[in-house]
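Taking it in order: structure first as structure tokens, then the write-up.
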Ligand code: HEM
């Protein structure tokens, strides 16, 4: 089914489709107008764009949740789980010898493997385990709060705090030494920033094939690092997450190397980039909305709500893809077996049916059932850790800040998959005596 014979009411108009496939639209926020239009006029529509396989675009929160929940009907691993053009997909399949995945990880697994592999690290990330990390996380948060305050009143919050704080936390859980953090940061930025000439260093937007090559080299870089780590942890297991992964068994057997590498890469990259973005956006929104800053400063019990609102607002992961396992009806649409489906988290997070005044940033928003962490069996494994990190950081920072304002315009990385800021320039006044 190519979608070209579908009635007009099912097809998304070309001007809206061109926004959906434009990495820049996710950076400058233009995508939000398209989402709004789609929620109102065609909440589960079909997009046909040159250079891409046709895809269904899911923009209402209720449908995003339904499809995410039904992982027997909608698979994550049969096609690309992140949105990309045909050229990149084909090149990746050439490189891997047929698989659509350069990295074989939890996000690309389906029943029955998914749950078995998720179990390996699950206990590390449950609320009761994460709570035990609070003292260590607070220590790291204080270091970064001190670092920011020592700049004297003006800094790029992204580079001073937001980039490296979540990196330090996840790497300390992993057991990666501090001196190796820059390698992890660089490889992560390359993995998620291939569509940005400034990140790839190519001085131009890479072609689809070039992007696939570039990503493949990046994945090799991760493999080289993690192979050594894994060897060490098999020989000398310690009390860290690397040791758990290196010595994991599924169905009584050690897990294959590609699955082990995929585990490391997913936790290492998903574990900080998205949290960095949410932390940076929280600060940028507080700096841009002095009334909201004063409100949460006056009432620190609102910090957990600030955290959720920032994660909703940032929606660092723009979408994950699924494919239909069989012909299926959803929201009055007929999807055929194999159809590709885009779950637009950024749209679900602005859904008027869920949120009162969805385009306002409110530190006291409650309830806030955002879909930034996905939903259903693949719901983010690290969500409790991400929220803990952000809460603790703002508990440490807010009492020390009298005021904060933007000192320039934050710019975002263009990407169809994961976007984040390039800089959050701020000016602040510190409280005296704290
Ligand atoms: C604000 C921060 C974060 C956001 C917005 C975020 C977002 C997401 C989303 C949307 C998914 C769902 C994938 C799907 O449905 O296909 C996911 C899965 C995942 N996340 Fe996060 N994440 C964050 C932080 C973290 C952290 C701190 C970790 C650290 C371990 C982590 C590890 C994972 C893993 C391993 C998965 C795969 C789960 C599975 O497929 O079963 N994430 N994340």
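Tell me, yes or no, whether the stretch 394-406 has at least one residue that is modelled with pLDDT of 95 or more and within 16 Å of the ligand (Cβ to nearest atom).
We begin by selecting, within the stretch 394-406, every residue modelled with pLDDT of 95 or more; these are 394-406.
Add one more test, that the residue is within 16 Å of the ligand (Cβ to nearest atom), and what stays is 394.
For the stretch 394-406, residues modelled with pLDDT of 95 or more and within 16 Å of the ligand (Cβ to nearest atom): present.
In this structure, is residue 376 modelled with pLDDT of 95 or more, within 15 Å of the ligand (Cβ to nearest atom) and surrounded by fewer than 19 Cβ atoms within 10 Å (Cβ to Cβ)?
Working: modelled with pLDDT of 95 or more: yes; within 15 Å of the ligand (Cβ to nearest atom): yes; surrounded by fewer than 19 Cβ atoms within 10 Å (Cβ to Cβ): yes.
For residue 376, the condition - modelled with pLDDT of 95 or more, within 15 Å of the ligand (Cβ to nearest atom) and surrounded by fewer than 19 Cβ atoms within 10 Å (Cβ to Cβ) - is met.
Taking the conditions exactly as written (on the phi > 0 side of the Ramachandran plot and modelled with pLDDT of 95 or more), does residue 339 satisfy them or not?
no
Residue-wise test of (1) surrounded by fewer than 18 Cβ atoms within 10 Å (Cβ to Cβ); (2) away from the ligand (no atom under 15 Å from the Cβ); (3) over 28 Å from residue 82 (Cα atoms).
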| site | (1), (2), (3) |
| --- | --- |
| 124 | no, no, no |
| 129 | yes, no, yes |
| 136 | yes, no, yes |
| 164 | no, no, no |
| 168 | no, no, no |
| 176 | no, no, no |
| 184 | no, no, no |
| 193 | no, yes, no |
| 196 | no, yes, no |
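Please report, ordered by residue number, the helices (runs of 4 or more DSSP H) entirely within the stretch 38-129 with at least 1 residues that are within 19 Å of the chain's Cα centre (by Cα).
Filter on the stretch 38-129 gives 61-69, 113-125.
Suppose the filter is within 15 Å of the ligand (Cβ to nearest atom), touching a strand residue (DSSP E or B) at 6+ places or on another chain (Cβ under 8 Å) and in contact (Cβ under 8 Å) with a residue 12 or more places away in the chain; does residue 110 pass it?
Judged against the criteria, residue 110 is a match.
Please list, ordered by first then second residue, the pairs with beta carbon atoms under 6 Å, 6 or more apart or interchain, first in the stretch 167-178 and on the phi > 0 side of the Ramachandran plot, second part of a helix (DSSP H, G or I) and more than 12 Å from the ligand (Cβ to nearest atom).
175/242
Determine the pairs where a residue that is without any contact (Cβ under 8 Å) to a residue 24 or more places away in the chain, located within the stretch 286-299, has a partner that is surrounded by 13 or more Cβ atoms within 10 Å (Cβ to Cβ) and in a helix (DSSP H, G or I) with Cβ atoms under 9 Å apart, the partner being 6 or more residues away or on another chain.
From the stretch 286-299, no pairs qualify.
Kindly establish whether residue 147 is within 16 Å of the ligand (Cβ to nearest atom) and either over 22 Å from the mean Cα position of the chain (by Cα) or assigned to a loop (DSSP other than H, G, I, E, B) (or both).
no
Quick check on this structure: which one of 279, 269 is at pLDDT 95 or above, surrounded by 14 or more Cβ atoms within 10 Å (Cβ to Cβ) and either away from the ligand (no atom under 11 Å from the Cβ) or part of a helix (DSSP H, G or I) (or both)?
279
If you go through the stretch 294-317 one residue at a time, do you hit one that is over 16 Å from the mean Cα position of the chain (by Cα), under 24 Å from residue 74 (Cα atoms) and more than 16 Å from the ligand (Cβ to nearest atom)?
Within the stretch 294-317, none of the residues are over 16 Å from the mean Cα position of the chain (by Cα), under 24 Å from residue 74 (Cα atoms) and more than 16 Å from the ligand (Cβ to nearest atom).
Taking the residues in the stretch 331-358 that are surrounded by fewer than 19 Cβ atoms within 10 Å (Cβ to Cβ) and part of a strand (DSSP E or B) as candidates, determine which candidate is farthest from the ligand (Cβ to nearest atom).
For the stretch 331-358, the residue satisfying everything is 334.
Assuming residue 4 fulfils every condition listed in (1) over 22 Å from residue 192 (Cα atoms); (2) modelled with pLDDT of 95 or more apart from one, which condition is it?
Every condition holds for residue 4 apart from (2).
Among the numbered criteria (1) within 19 Å of the chain's Cα centre (by Cα); (2) farther than 16 Å from residue 267 by Cβ; (3) touching a residue at least 24 places away in the same chain (Cβ under 8 Å), which one does residue 186 miss?
Going through the list (1) within 19 Å of the chain's Cα centre (by Cα); (2) farther than 16 Å from residue 267 by Cβ; (3) touching a residue at least 24 places away in the same chain (Cβ under 8 Å), residue 186 breaks only (3).
Given the options 68, 18, name the one that is modelled with pLDDT of 95 or more and crowded, with 22+ Cβ neighbours inside 10 Å. Before you say what the answer is, go through the steps one by one.
Details: 18 fails: crowded, with 22+ Cβ neighbours inside 10 Å.
It is 68.
The values are calculated or read from the model by the stated rules, or taken from the named source; none is laboratory data. Just so it is clear, the structure is predicted and the values come from calculations on it, not from any experiment. Every residue, glycine as well, gets a Cβ built from its backbone with ideal geometry; the counts of neighbours run over all protein chains shown.
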